[in-house]
Amino acid sequence: MACYNHLGLLRWVLILLFAGTSPEGVWTGPGASHLGGVSRDGRLISGIDAESGNLVVRNLASGEERRVTHKSGSKEFAYFSAISPDSKWIAYAWFNDDAFYDLRIANVQTGESRTLFRNEEAGFVQPCAFSPDSKQILTLLFRKDNISQIALISALDGSVRVLKSLNWVYPKKMDFSPDGRWIAYDNFAYERTPQRDIFLLAADGSREVRLVENPAEDGFPVFSADGARVYFLSDREDGPAVWSITVANRKLERIHAAATRTILLGATRSSLYYAVRHGGAEIYRTTIDLAVGQLTTRPEKIGEGTSVSISPDGAQIAWLARYGTENFGADSRYIAIRKPDGKIAAVTPKLAHIEKISWSGDGKGILASGSDGKGRAGVYRVDVATASHALAENAPVEENAGPLRVKHDELWLVAKTGEPKRVAKAATPIESIALHPDGKTLLFTAGRPRSEVFALNLQ
Amino acid sequence: MTILLALQLAVPLGLDALIPAPDSNPVRADRVALGKRLFFDNDLSRNRGLSCATCHKPDYAFTDDLPLAVGIDQRRGHRRTPTIVNRAYGKSFFWDGRITTLEEQVLLPIQSPEEMDMTLSGVVARLKKSGQYPGLAVSDLSFSLASYVRTILAGDSPYDRYIAGDRTALTSEQLAGLRLFRGKGNCVTCHVGPNLTDERFHNTGTGGTEDPGRAKVSGKVEDQGAFKTPTLRDVARRAPYMHDGSLATLDEVVEHYDQARARPHLDSEIRPLRLTADERNALVAFLRSLTGVIQEGMNKNAGSSVR
């Protein structure tokens with residue numbers, strides 16, 4: 001079983017989207033990531049090796065890649081990172097063996113590292129930028145009570161100063177001004193609106209101003225190298241684009257068109273660096289002979305999404321799909337349902353996060369594991385007709401896989417009698433499977449999102 | 001220039017460093033000092049019998065111990081005196097949230113016939129005449145009282161120390177209560193964030209039907225009987241509880257939410273919790289862990305902290 005991807009084609013589509021000033025692709029491959037940062041001098045960029053989960057730093061001039069971390073525990077991996085202005089240090093989130101994230105700091109050259117901050121109560125950390133003197137790390141903390149906090153963490157002793165807390169919401173990106181006085185971040189403009197604005201928060205916590213106010217979704221702010229402007233992504237006007245605003249006079253300028261899954265990483269004197277995510281799990285259809293444990297047709301790609309599920313009567317297919325701009329989380333996910341007539345309906349419950357879905361036994365609802373707008377995790381029953389949701393106690397989200405099981409990138413037949421048999425092997429991990437009630441048609445999702453990093457010339 | 005004079009307050013552990021204030025009234029030391037004098041000055045009331053501190057007593061976490069507020073000439077209000085700790089972080093004021101700035105809020109009790117029963121021009125004239133406040137204007141009254149209220153901050157409790165990483169700060173019973181607070185008790189649905197409030201309005205099933213609560217402000221039927229979620233900071237020393245002071249103890253409060261008796265417009269988040277006696281006790285123990293330090297005025301080490 002092979003998974004055919006279209007990454008090459010997609011790359012050219014993305015490049016064409018940026019046609020005009022011709023952004024330069026500066027990093028592709030397993031280390032390129034939307035989770036990294038760029039040094040102020042544009043010499044270094046950080047990313048995550050998708051295979052190993054280790055932190056990687058790439059010299060943009062020479063192309064040399066250096067692995068900064070070396071995993072030891074089975075669960076551990078690196079996540080968001082930021083490089084200090086002097087390029088000596090890198091701060092990064094590290095998923096530890098206790099299943100939450102530490103903030104660590106490492107010497108870029110030697111890889112020598114130490115834990116700066118480890119607190120299960122703030123179990124997810126997102127380092128965004130260093131202060132100009134490299135003494136503070138601007139970090140987003142995500143607390144157990146479902147609030148996010150804009151915090152400065154000392155790069156010396158790990159002490160924390162929380163500047164601002166946000167209930168149930170989180171910025172997508174924050175950045176320090178080059179003079180260290182201001183922090184730019186994005187957040188919902190007002191409660192219960194989709195509008196995102198850009199704010200400037202004084203680094204000493206003394207005041208805050210709204211820098212960008214617009215009905216659009218504005219996010220991922222980064223300061224220009226001289227601090228005079230803030231670049232950000234916006235879906236205003238004719239689609240997603242990189243915009244800039246001059247801090248002094250609020251003058252707006254559209255810089256360049258952008259793909260929907262663009263994430264700004266940082267700016268240097270000459271370039272704006274951004275990552276574009278593409279790909280992800282794709283949905284395939286094939287047929288299987290369960291008696292002999294073999295696929296009988298070549299898998300055919302029928303769409304993109306995750307967590308595919310077939311209704312109990314076999315007439316409808318549901319999966320998780322994505323819309324809108326990149327947001328690191330999953331609140332842009334919706335449930336796509338292919339009806340018997342082939343039309344696809346979007347069911348969008350007011351859930352903040354959906355991890356996995358399956359049809360309910362009566363075929364009228366979808367069981368969705370995830371969390372609601374206040375971060376309460378659980379399994380919710382989503383009414384297909386109304387998209388309303390309610391907590392469904394004791395209702396597990398289970399695949400209708402029959403005797404089939406997934407082991408990473410392999411599909412196995414586990415019959416009641418006889419030895420388990422490997423049916424097929426995919427090129428990437430298999431994310432979900434769904435066996436049709438006819439016992440012959442099999443759907444599965446497989447694939448892995450990838451990122452590419454581009455540099456947009458600002459001069 | 002005013003920005004240069006803005007005061008950077010040292011906040012207690014657990015609170016945000018950013019204290020929101022309008023550009024027109026950044027927190028300044030001179031205004032805080034003036035506001036503190038005014039806060040304790042009985043000349044703000046018609047009969048010179050009450051100051052702000054009469055109801056917002058520092059020793060009672062800036063509220064009092066009465067079920068319903070009592071104003072000038074023993075006139076009885078129809079709601080409990082709310083605490084004003086951490087109102088710097090507030091988004092709206094009074095139990096029904098009818099006012100959106102502290103600058104406006106601080107002037108209303110002075111003018112309320114049930115509270116201080118003065119006019120603004122009258123109180124300013126009286127204060128100027130006293131010689132204690134030369135050149136005082138209504139705007140000074142507003143800005144300085146608001147500035148002082150912004151410095152009344154409660155934090156640094158065992159709960160805050162636990163959140164900051166001190167795993168010994170809570171007893172095992174309090175820790176069990178914290179888990180219930182976030183889980184089965186569903187308390188965190190409204191009491192969230194550093195100030196333990198969502199700043200929204202909920203009908204929690206207390207009080208009679210005669211008080212429309214938020215509905216009077218919003219005009220929405222669903223807001224009938226809804227009141228703003230209060231902070232839980234220092235809640236253990238702020239009895240009695242709820243907007244009408246109808247529950248005398250924290251045990252009664254937990255019991256109330258545990259039972260969640262049905263009534264019109266009851267918030268959908270409130271439902272029977274089926275807590276055991278141990279669980280109710282643990283929740284109360286946790287609520288007691290929210291008692292910490294209250295600081296006010298210019299300097300938390302200047303003898304103005306209240307324990």
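The values are calculated or read from the model by the stated rules, or taken from the named source; none is laboratory data. Keep in mind the model is a prediction, meaning the values are calculated, not measured. With ideal geometry, Cβ positions are generated from the backbone for all residues, glycine too; neighbour counts draw on all protein chains shown.
Below, the figures for the structure above:
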{"quantity": "Residue ID - nearest to B:ARG87 (Cα to Cα), chosen from residues in region B:200-235 that are aliphatic (A, V, I, L, M) and buried (at least 17 other Cβ atoms within 10 Å of the Cβ)", "calculated": "B:LEU232"}
{"quantity": "Tally, over region A:270-303, of residues that are in contact with a Gly (Cβ under 7 Å, 6 or more places away or on another chain) and closer than 30 Å to A:ALA258 by Cα", "calculated": "8"}
{"quantity": "Any hit, region B:82-94, residues being more than 28 Å from B:SER218 (Cα to Cα) and either surrounded by fewer than 19 Cβ atoms within 10 Å (Cβ to Cβ) or not basic (Lys, Arg) (or both)", "calculated": "no"}
{"quantity": "Residue match in region A:98-114 (condition: among the charged types (D, E, K, R), within 14 Å of another protein chain (Cβ to nearest Cβ), touching a Phe, Trp or Tyr at 6+ places or on another chain (Cβ under 9 Å) and in contact (Cβ under 8 Å) with a residue 12 or more places away in the chain)", "calculated": "yes"}
{"quantity": "The listed residue being in a strand (DSSP E or B) and buried (at least 21 other Cβ atoms within 10 Å of the Cβ), out of A:THR139, A:THR115", "calculated": "A:THR139"}
{"quantity": "A:TRP94 surrounded by 15 or more Cβ atoms within 10 Å (Cβ to Cβ) and more than 25 Å from A:ASP133 (Cα to Cα)", "calculated": "no"}
{"quantity": "Residue within region B:270-283 that is buried (at least 17 other Cβ atoms within 10 Å of the Cβ), under 20 Å from B:ARG233 (Cα atoms) and either more than 26 Å from the chain's Cα centre (by Cα) or not hydrophobic (A, V, I, L, M, F, W, C) (or both) present", "calculated": "yes"}
{"quantity": "From the options B:GLY225, B:GLY185, B:GLY165, B:GLY205, residue that is without any contact (Cβ under 8 Å) to a residue 12 or more places away in the chain and more than 18 Å from the chain's Cα centre (by Cα)", "calculated": "B:GLY165"}
{"quantity": "Residues that are surrounded by fewer than 23 Cβ atoms within 10 Å (Cβ to Cβ), in contact (Cβ under 8 Å) with a residue 24 or more places away in the chain and assigned to a loop (DSSP other than H, G, I, E, B), drawn from region A:241-258", "calculated": "A:VAL247, A:ARG250"}
{"quantity": "Residue check for A:ALA225: outside any strand (DSSP E or B), away from chain B (no Cβ under 14 Å) and surrounded by 20 or more Cβ atoms within 10 Å (Cβ to Cβ)", "calculated": "no"}
{"quantity": "Residue in region A:186-222 that is farthest from the other protein chains (Cβ to nearest Cβ), counting only those that are within 24 Å of A:LYS350 (Cβ to Cβ) and of a type in the set (A, V, I, L, M)", "calculated": "A:ALA216"}
{"quantity": "Those residues of region B:103-162 which are of a type in the set (A, V, I, L, M, F, W, C) and not in a helix (DSSP H, G or I), in sequence order", "calculated": "B:VAL106, B:LEU107, B:MET116, B:MET118, B:LEU136, B:ALA137, B:ILE152, B:LEU153, B:ALA154"}
{"quantity": "When residues of region A:144-159 are limited to those that are in a loop (DSSP other than H, G, I, E, B) and of a type outside the set (Ser, Thr, Tyr), the one nearest to A:LYS173 (Cα to Cα)", "calculated": "A:ASN146"}
{"quantity": "From the options A:VAL160, A:VAL169, residue that is in contact with a strand residue (DSSP E or B) (Cβ under 7 Å, 6 or more places away or on another chain), β-branched (Val, Ile, Thr) and either surrounded by fewer than 17 Cβ atoms within 10 Å (Cβ to Cβ) or without any contact (Cβ under 8 Å) to a residue 40 or more places away in the chain (or both)", "calculated": "A:VAL169"}
{"quantity": "Among the residues listed as B:ASP23, B:ASP96, B:ASP16, the single one being among the charged types (D, E, K, R) and more than 14 Å from every other protein chain (Cβ to nearest Cβ)", "calculated": "B:ASP96"}
{"quantity": "Counted residues, region A:160-185 - those being within 13 Å of chain B (Cβ to nearest Cβ), part of a strand (DSSP E or B) and farther than 24 Å from A:HIS353 by Cβ", "calculated": "5"}
{"quantity": "Top-ranked residue of region B:256-280 - restricted to ones that are touching a helix residue (DSSP H, G or I) at 6+ places or on another chain (Cβ under 7 Å), of a type outside the set (Lys, Arg) and part of a helix (DSSP H, G or I), ranked as farthest from B:GLY183 (Cα to Cα)", "calculated": "B:ASP258"}
{"quantity": "Residues of region B:185-230 that turn out to be in contact with a Cys (Cβ under 9 Å, 6 or more places away or on another chain), within 14 Å of another protein chain (Cβ to nearest Cβ) and farther than 22 Å from A:ALA122 by Cβ, as a count", "calculated": "3"}
{"quantity": "Any chance B:LEU196 is over 23 Å from B:ASP96 (Cα atoms) and either at pLDDT 95 or above or in a loop (DSSP other than H, G, I, E, B) (or both)", "calculated": "no"}
{"quantity": "Residues of region A:356-409 satisfying the condition of being acidic (Asp, Glu) and within 14 Å of chain B (Cβ to nearest Cβ)", "calculated": "A:ASP372, A:GLU393"}
{"quantity": "Criterion (loosely packed, with under 14 Cβ neighbours inside 10 Å, out of contact with any helix residue (DSSP H, G or I) (no Cβ under 9 Å at 6 or more places or on another chain) and not assigned by TED's automatic domain parsing to the domain that holds A:ALA50) met by exactly one of A:ALA426, A:ALA401, A:ALA390, A:ALA434", "calculated": "A:ALA390"}
{"quantity": "Where a residue in region A:195-208 is among the polar types (S, T, N, Q) and its partner, wherever it lies, is assigned to a strand (DSSP E or B) and surrounded by fewer than 20 Cβ atoms within 10 Å (Cβ to Cβ), with Cβ under 7 Å and at least six apart", "calculated": "A:GLN195/A:PHE188"}
{"quantity": "Some residue of region B:61-75 being part of a strand (DSSP E or B) and without any contact (Cβ under 8 Å) to a residue 12 or more places away in the chain", "calculated": "no"}
{"quantity": "Residues located in region A:286-307, provided they are assigned to a strand (DSSP E or B) and either under 18 Å from A:ALA401 (Cα atoms) or of a type in the set (Asp, Glu) (or both)", "calculated": "A:THR286, A:THR287, A:ILE288, A:ASP289, A:GLN294, A:LEU295, A:GLU300, A:GLU304, A:THR306, A:SER307"}
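So that you can scan it fast, the table gives a plain yes or no per residue for (1) under 28 Å from A:VAL247 (Cα atoms); (2) of a type in the set (Ser, Thr, Tyr):
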| position | (1), (2) |
| --- | --- |
| A:SER81 | yes, yes |
| A:LYS88 | no, no |
| A:PHE95 | no, no |
| A:LEU138 | yes, no |
| A:ASP175 | yes, no |
